Amino acid sequence: MIAAIVAVAAFGFIAFQVIAQDRGVLAEVRGEAEQAKLTAACNAGLMQAIHGLADPDPSQRWGIDGRPRTSAFNGYALTVTVEDERGKVPLNGIIMEEARQLFQFAGASGNQLDTLTDSFEDWEDVDNTARPHGAEAAQYAGLGYKPRNAGFHTVEELRMIKGMTDDIYNRIAPAVTVFFGESGGFSESTSQILALEVLGEMGPNSMEVVQRQQQLAGTMAMPQSLAKANLTGRTLTVRVEARQAGAHMRRTAIVELTGNPNDPYWLRYLD
């Protein structure tokens with residue numbers, strides 16, 4: 001009898017383990033399926049944006065005003081934002097004073113401001129002589145990397161310069177770009193606020209900055225010219241967020257519209 005009870009208990013334990021394992025596999029499969037659906041929803045949002053931006057009808061064409069648009073796909077709520085890369089600070093096209101203002105207006109001061117400014121310049125210049133508060137290969141040796149001694153390849157490289165913190169980086173990253181392009185200048189009407197403070201003619205706390213803040217907040221109308229602009233050759237960031245019942249995903253793409261119906265856009269970056 002005892003042997004029979006032990007056998008039944010053992011069988012029950014094994015069955016429980018199999019069921020638990022099956023449930024774990026099932027949960028994993030369901031999780032993968034949810035991720036696939038979220039990815040599909042984000043991709044649908046990206047395609048919506050590209051189609052809207054390339055619409056030949058100016059009255060239907062999406063603007064590049066930086067304000068979020070909402071829609072839905074297959075039961076998922078989508079939030080899509082389009083940002084103009086010409087409304088951002090070109091990391092590889094600013095002088096030292098502009099770099100200093102970028103860090104200052106993002107919250108750096110004192111020794112940190114000096115360190116960030118000098119390290120930014122040292123990262124880009126071709127020599128190996130550190131500025132008074134900067135850093136070259138010797139100062140980065142313990143971190144396992146060295147400065148590029150050339151232009152930034154990605155915005156994320158800013159994380160690597162001496163003196164950078166998460167707070168400063170998170171304030172700067174949305175307002176800077178390495179995809180500014182080679183034709184056309186800084187666009188105040190489609191700018192990020194920090195970029196407008198650094199590169200705008202009037203500087204921080206100006207009426208231009210206040211108006212742009214109101215536009216992005218939706219309390220002031222956007223310039224009509226934004227909806228009529230020909231966007232061929234313009235580099236744009238599209239940010240998509242998909243949500244449903246607590247599940248969510250974010251994707252970011254940098255696209256350039258070509259004007260060629262056979263090859264309508266190029267993906268410069270996709271996260």
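Working only within region 153-205, note down all residues that are hydroxyl-bearing (Ser, Thr, Tyr), within 22 Å of residue 121 (Cβ to Cβ) and not in a loop (DSSP other than H, G, I, E, B). Let's see the steps before the verdict.
First, pick out the residues of region 153-205 that are hydroxyl-bearing (Ser, Thr, Tyr): 154, 165, 169, 177, 183, 187, 189-191.
Among the residues that remain, those that are also within 22 Å of residue 121 (Cβ to Cβ) are: 154, 165, 169, 177.
Residues satisfying the conditions are 169, 177.
Take the conditions surrounded by fewer than 18 Cβ atoms within 10 Å (Cβ to Cβ), touching a residue at least 12 places away in the same chain (Cβ under 8 Å) and assigned by TED's automatic domain parsing to the domain that holds residue 35 and apply them to residue 233. Does it pass?
Working: surrounded by fewer than 18 Cβ atoms within 10 Å (Cβ to Cβ): yes; touching a residue at least 12 places away in the same chain (Cβ under 8 Å): yes; assigned by TED's automatic domain parsing to the domain that holds residue 35: yes.
Here the answer is yes, as residue 233 does meet what is asked.
Report yes if residue 134 is in a helix (DSSP H, G or I) and without any contact (Cβ under 8 Å) to a residue 40 or more places away in the chain, otherwise no. Full working, then the answer.
On the way: in a helix (DSSP H, G or I): no; without any contact (Cβ under 8 Å) to a residue 40 or more places away in the chain: yes.
Considered against the rule, which asks whether it is in a helix (DSSP H, G or I) and without any contact (Cβ under 8 Å) to a residue 40 or more places away in the chain, residue 134 comes out as no.
Failed condition for residue 246, given (1) small (Gly, Ala, Ser); (2) touching a residue at least 60 places away in the same chain (Cβ under 8 Å); (3) exposed (fewer than 15 other Cβ atoms within 10 Å of the Cβ), with all others met?
Failed condition: (2).
Would you mind telling me which numbered condition in (1) buried (at least 20 other Cβ atoms within 10 Å of the Cβ); (2) within 16 Å of residue 64 (Cα to Cα); (3) assigned by TED's automatic domain parsing to the domain that holds residue 36 residue 191 fails?
(3)
For region 74-93, name all the residues that are surrounded by fewer than 18 Cβ atoms within 10 Å (Cβ to Cβ) and over 23 Å from residue 222 (Cβ atoms).
Matches in region 74-93: 74, 75, 77, 92, 93.
The values are calculated or read from the model by the stated rules, or taken from the named source; none is laboratory data. None of these values were measured; they are calculated from a predicted model. Please note: Cβ atoms are built from the backbone with ideal geometry, for glycine as well, and neighbour counts cover all protein chains shown.
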